[in-house]
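One structure is given here, and the rest of the page talks about it.
The values are calculated or read from the model by the stated rules, or taken from the named source; none is laboratory data. Quick caveat: nothing in here was measured; it's all calculated off a predicted structure. FYI the Cβ positions are ideal-geometry reconstructions off the backbone, even for glycines, and counts take in every protein chain you see.
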Amino acid sequence: MALVQIRDTSLWTKHIAGDAELKEKLEALRAGERVWLRVDGRRGCFEKMKGGPNGPMQGFKPVDGTRELWRQLYPSRAGQLVELGLDEVLPAASSPPMTSSTTVAQGPVATSDAEREAAWNAFKVLTKAGWRSDGAGGSRDDLHER
């Protein structure tokens, strides 16, 4: 199972953890190619970014109906890790756009050693995710009303 950290208005391969094979497949795509991905259990279409002055861009921008859902994920869930998967079941032309009501059923699944290792590596990435509070700051005494 791969995880991706929501960090920007685009999906970047450098923020993918837990599935090196998926990351390599996505990085191997040419600029302008589209791919259907499952992000946080919802299906959407993403397009590989065109290269810039410093070389190829290893990111994907949401296209068509996927843009609206990505706007719901970023910035409200910025910094969070969500599940990511390559969706090769249906061709892109016949698939519905990613919507917030489309979910994937989840239940107990037998896992291999490689999957457990990938999950553990993805979990370790959480230590770098950080924590942010938009609450009021102040001294410790103020917080405890001393």
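Given the structure, is residue 30 surrounded by fewer than 20 Cβ atoms within 10 Å (Cβ to Cβ), part of a loop (DSSP other than H, G, I, E, B) and touching a residue at least 24 places away in the same chain (Cβ under 8 Å)? Judged against the criteria, residue 30 is not a match. The listed residues are 50, 23, and the only one of them that is surrounded by fewer than 17 Cβ atoms within 10 Å (Cβ to Cβ) and either over 24 Å from residue 128 (Cβ atoms) or not acidic (Asp, Glu) (or both) turns out to be 50. The number of residues in the stretch 6-19 that are assigned to a loop (DSSP other than H, G, I, E, B), farther than 17 Å from residue 63 by Cα and under 11 Å from the mean Cα position of the chain (by Cα) comes to 1. Can you name the number of the only condition in (1) more than 23 Å from residue 77 (Cα to Cα); (2) buried (at least 19 other Cβ atoms within 10 Å of the Cβ) that residue 40 fails? Residue 40 satisfies all of (1) more than 23 Å from residue 77 (Cα to Cα); (2) buried (at least 19 other Cβ atoms within 10 Å of the Cβ) except (1). Here the stretch 47-74 is the region considered, the condition is being at pLDDT 85 or above and either at positive phi or basic (Lys, Arg) (or both), and the residue that is farthest from the chain's Cα centre (by Cα) is 50. Considering 37, 22, 69, 3, the condition of being in contact with a Ser or Thr (Cβ under 8 Å, 6 or more places away or on another chain) and either outside any loop (DSSP other than H, G, I, E, B) or of a type outside the set (Lys, Arg) (or both) is satisfied by 69 alone. Under the condition of being surrounded by fewer than 17 Cβ atoms within 10 Å (Cβ to Cβ) and touching a strand residue (DSSP E or B) at 6+ places or on another chain (Cβ under 9 Å), the residues counted in the stretch 68-77 number 2.
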